[in-house]
Amino acid sequence: MKFNIITIFPEIFDSYFSESIIKRAQKRGLIKIKTHNLRDCTNDKHKSVDDKPYGGGPGMVMMVEPIFKAISALKKFEIRNPKSETNLKSKFSKSKTRVILFSPKGKKFDQAMAKRFSKLDNLIMICGRYEGVDERVAKYIADEEVSIGDYVLTGGEIPAMIVVDAVTRLIPGVIAKESLNEESFSFKKEKALANENYEYPQYTRPEVFLPAGRHGGKWSVPKVLLSGDHKKIEEWRKIS
Ligand code: SAM
């Protein structure tokens, strides 16, 4: 799967994407992440990507034209694929590409959305900045607007990292299947309704932790987990 990220701060991603699971997934060819500097899609010498809002108001708004150019370049790249030559439009939609625009007013990102995105071939993400993005991007370019929560961030870069991270975990081969089956939000709907949608509590060594400065206090691992009785452990995990 490919992740294409359109941003004015491509360097922000370097550190996070070159560590741990995301790094390994790239090395093993399970995912590809490409960042695109939106300023490369401008014509003027200042490489402007924003302008004043029509109708007045504070701050600046990201312009539609550079974003249109960036997306067109990515779509053209797809279209140039020989398999897509006969009927560009329908072949393009079959290529399982989705363009998302990050916005606080978008649909809330959750595990179900992550699962849906993990089935795509190509997820193109547009990271807003400033006061936001010219509404024509949402109207004519993006397939959907996505929010990562009810708060306002400075830009769409952290949302993009969150989406890449959550989606990558769901791509076959990235994480052991058994780990995924037991993870939070991976349970069936009935369980979710019964508020059992979270993974059970986890413990590791030491068996007893004596917190410094708390004389007489000790934090112990539940006895059942040390019992070796797998049936009992399973039952305990269901109710914990
Ligand atoms: N003026 C906008 C508003 O009040 O809704 C906020 C713009 S915000 C400072 C700049 C950009 O950050 C947004 O265009 C969006 O791309 C991104 N952003 C901020 N909060 C977000 C959130 N909760 N989810 C997704 N993207 C967000």
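Annotation: amide H of ILE5 within the under-5 Å range of LYS34, THR35, HIS36, MET125, sequence separation 5 or more or interchain, hydrogens built in the peptide plane. The C-alpha atoms of the chain define a longest principal axis, and helix 157-169 lies at about 60 degrees to it. Residues in the chain average 66 Å² of solvent-accessible surface per residue, probe 1.4 Å, ligands and nucleic acids excluded.
What is the Cα centroid distance between the stretch 126-142 and the stretch 1-26, reported in whole angstrom? Centre-to-centre (Cα) distance: 21 Å. Sites listed here are GluC sites (Glu not before Pro) in the stretch 200-240 whose DSSP assignment is loop and whose Cβ has at most 16 other Cβ atoms within 10 Å: GLU207.
Residues in the stretch 198-204 carry Karplus couplings, in order, of 10, 5, 5, x, 10, 9, 9 Hz; the curve used is 6.51 cos²θ - 1.76 cosθ + 1.60 with θ = phi - 60°, and Gly or Pro positions show x.
Starting from the Cα gyration tensor of the chain, take the square roots of the eigenvalues, sort them a ≥ b ≥ c, and report rounded, prolate or oblate (rounded when a/c is under 1.5, otherwise prolate if a/b is larger than b/c, else oblate). Cα axes put the chain in the prolate bin. Summing Lys and Arg as +1 and Asp and Glu as -1 over all other residues whose Cβ lies under 11 Å from the Cβ of SER179 gives a net charge of -2.
Using a cut-off of 22 Å between Cα atoms, the listed pairs LYS2/LYS23; LYS2/LYS115; LYS2/LYS47; LYS45/LYS69 include LYS2/LYS47 as exceeding that distance.
Need one number: % antiparallel among DSSP beta bridges in the stretch 2-176, to the nearest 5.
10
The values are calculated or read from the model by the stated rules, or taken from the named source; none is laboratory data. Note that this is a predicted model, so its numbers are computed, not measured. Here Cβ is always computed from backbone atoms with ideal geometry, including for glycine, and neighbour counts include all displayed protein chains. The protein model used for the area step is the full one, side chains on, heavy atoms only, and it has no ligands, DNA or RNA in it. Shrake-Rupley method; radii C 1.70, N 1.55, O 1.52, S 1.80 Å.
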